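Below is one structure; the comments refer to it alone.
Each reported figure results from applying straightforward, stated rules to the coordinates on display, with no laboratory input. Since the structure is predicted, the reported quantities are computational estimates derived from the model, not experimental observations. All Cβ positions, even for glycine, are placed from backbone atoms using ideal geometry, and neighbour counts span all protein chains on display.
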Amino acid sequence: MLDYTFQYGQIWPYLPRLIDGAYLALEIAFLSFCGGLLIGTANASLLSFGPQWIAKPIQAFVVFFTNTPQLVQIYFLYFALPDAGILLSSYAAVLIGMTLNAGAYLTEIQRAGFSTRRQSEMEAAIVLGFSRWQQIRYVILPHIARVLFPPLSNHFIIMTLGTSMAAIFGVEELTGQALNINSITFRSLEIFSVVAALYIAITLLASLALGLLGSLLFRTKLRVI
Amino acid sequence: MVIIWRSALHHLVIKDLSAHYGTVQVLDSINLEIARGEVVGLMGPSGSGKSSILRVLTGLTPLSAGSVSLNGEVINYSSAESVRNMRERSAIVFQQYNLFQNMTALENVTIAPVKIRNRDPEEVEAEARALLSKVGLTDQISRYPDQLSGGQQQRVAIARALALKPEILLLDEITAALDPELVSDVLDTIRALASEGMTMIIVSHEMGFMREVSHRIAFMAQGNIIECGKAEQIFNSPREARTREFVSKILKH
Ligand SMILES: Nc1ncnc2c1ncn2[C@@H]1O[C@H](COP(=O)(O)OP(=O)(O)O)[C@@H](O)[C@H]1O
Ligand SMILES: [Mg+2]
C-alpha cells in the first residue's frame, strides 16, 4: 500500500520560503490577536462597568462573529466590500477579519474573567481606604490578568493555526507558500509533512514563550503540552 | 456637659443600631459602649449578627437606624469623608483573611501605607518587616498567599491591619479557619496587642482566650445583645437562659 518513496531532496531548496511563510503566519496571528485583545478588553470593560444600553450591540457583535465561520467573514470583507467601494488587499482582509473574529471571542473570554473578581479582596481594599480607581489598578486588574492569561494564550495558539485560511485569499503565509511550492514540485506529501512540522514548531515556540511569560508575570504553572 | 464628657470618655459608642439585608433584620437596636483600650468579646450562635456589627462599623454594610460615634463624634455613613475618617482609625481582620492574592506577604502589608497614605516606601517597608516578625513571620515575607498556611495568612492579615496604625481593631473569628496547632500563634499576637492598650472588638469561640483577654463579653442572639458583662460573670453566672444554654454547649466541647 505504501510504496511511495519520499523525496525530500526536491523540496529542500524551498525551505526558506516555508520559513518565511511560518514567520508571516505568526505575524498575522500576533497582529490580529493584539487588535482582538483591544476590542475584547474594551467590550468586556463596557459590559462590566459601562451603561446598560451598550450591552445589546456588543452582544450582537459577539453573536454574529462567534456563530458564523471565520472564512465566510473574510470572504465578506474581501468580495462584498468592494461593491460598497471599499477595496481591501487580501492581507488586509484576512487581518481585519481575524481581528474582528478574535475581538468577539476575546470579549467572551474576558467577560468571564471580569466576573471572577473576588468580593472578599475588594472588601479588604475598601476598608483599607482604596479609592475605586485604586481598587481597579491594584486588585481587579492584576487578578483579571492572571486569570485570563492561560485562556488568552490558548486562543493565540488557535489563531496561529487559523492563519492557514489566508492561503485561500492568496496570502503567502505557511500554507499559501506550501500550495505554491506544491504546484511547482507536486511533492505534496513531502511538502505538507514539512508544513505540519513547521506548524508544530511555531505553536510550541509560542506556547513556550507564553508559558515563560506567564510564569514570570503571574506565577502560572508552565505547561506547554 | 455630663453627657459630652461621658461620650468623650468612650472610644466607640454604638447606639440603637439596626441593620437589614433587604427585608431581613440582622441587627436589632444594638447598644454598646467601648472605652479606650478596652477589649470587648462578641459571642453568640452563628447567624446572630456578630459579623454584621463589624461590617456596619466599617461601612461595608449600611445601617438602617441608630448611630455610631468615634471619639465622641457621630459617624455619617453617607459622607465619604466621615467614612474615610472611620476607616483610617480602625482596621478589620476577616475570618477568611482576604489577602491580595497577587501580592507577596510584604506587599500586602505595605500597599496601603505606601499607595493610600503616600508614605515613604523605605520607611514603610522597614515597619512592615518589623510587624511581620512581630507576628512570627520573618522567612516567609516574599511568599504569595497561596504559598502560606492558613495561620500564616491570618497573621499577614493582622500585620496588614496594623500597618495603618489603627486605634481600633475589629477581629472576626480570626482563628475559626485555622488548624488547632496554629491557633496559639495568632492568639499570642492578639494578647500582645491587648496588653499594649489597643481598643478591640473580638468575635471568637475560643472560650479560654476570650475569658483571658476580654474586659467584657457581649452575648448576641438573633441580632440582639442579650447580655453584656465581665467574662467571669458571662461564663460562670449568666443571667439569661439563652446565654446559659450557649455557654454550657461551648464548655462541653
Ligand atoms: N450578604 C447578606 N445577604 C443577606 N443576608 C445576610 C448577608 N450576610 C449575612 N446575612 C444574614 O444575616 C444574619 C447575620 O449574619 P452574620 O452577621 O454574618 O452572623 P454571625 O457573624 O453572627 O454568624 C444571618 O442570618 C445571615 O444569614
Ligand atoms: Mg460571622
When ranked by the protection proxy of mean other Cβ atoms within 10 Å per residue, highest first, what sequence do the peptides A:54-64, B:206-216 form? B:206-216, A:54-64
Could you order peptides A:16-22, A:160-166 by the average number of other Cβ atoms within 10 Å of their residues, highest first? A:160-166, A:16-22
When the helix-only estimate is applied to chain B (DSSP H runs of n ≥ 4, each -39,500 (n - 2.57), divided by the residue count), what is the mean residue ellipticity at 222 nm, nearest 500 deg cm²/dmol? -12000 deg cm²/dmol
Mind checking Rg over Rh on chain A, alpha carbons, Kirkwood formula for Rh? 1.08
Quick calc, chain B, dipole around Cα centre from Cβ unit charges on Lys, Arg (+) and Asp, Glu (-), nearest 20 debye, gives 500
Please compute the contact order of chain B in relative form: average sequence separation of alpha-carbon pairs under 8 Å and at least six residues apart, divided by the residue count, as a percent. 25
For the stretch A:16-219: relative contact order, % (alpha-carbon pairs under 8 angstrom, 6 or more apart): 32
Identify the trypsin sites (Lys or Arg not before Pro) of the stretch B:217-253 meeting these criteria: DSSP loop state and at most 14 other C-beta atoms within 10 Å of the C-beta. B:K230, B:R239
37 Å tail of the calculated P(r), the protein assembly as shown, as % of Cα pairs: 47
Built amide H within the under 5 Å cut-off of B:M220, gap 5+: B:M43, B:G44, B:I226
Give the shape of the stretch B:2-252 as rounded, prolate or oblate, defined through the alpha-carbon gyration tensor: a ≥ b ≥ c are the square roots of its eigenvalues, a/c under 1.5 means rounded, and otherwise the shape is prolate if a/b is larger than b/c and oblate if not. oblate
Summarise the partner chain shielding of B:92-99 as one whole number: the mean count of Cβ atoms from other chains within 10 Å of each residue's Cβ. 4
222 nm [θ] for chain A, helices only, -39500 (n - 2.57) per DSSP H run of 4+, per residue, to 500? -23500 deg cm²/dmol
With +1 at each Lys and Arg Cβ and -1 at each Asp and Glu Cβ, the charge dipole magnitude of the protein assembly as shown around its Cα centre, to the nearest 20 debye, comes out at 760
Toward the positive end of the charge dipole of chain B, about the Cα centre and with charges on Cβ (Lys, Arg +1; Asp, Glu -1), which of B:L193, B:T138, B:I225 goes farthest? B:I225
I'd like to verify something in chain A: which complete DSSP H helices, judged by Cα projection on the helix axis, reach 24 Å or more and average at least -1.0 on the Kyte-Doolittle scale? A:15-49, A:90-114, A:141-162, A:188-218
Around B:Y97: net Lys/Arg minus Asp/Glu count, Cβ-Cβ under 12 Å: -2
Can you work out the FRET efficiency for the pair A:A209 and B:S248, with r the C-beta to C-beta distance and R0 = 51 Å, to the nearest 0.05? 0.20
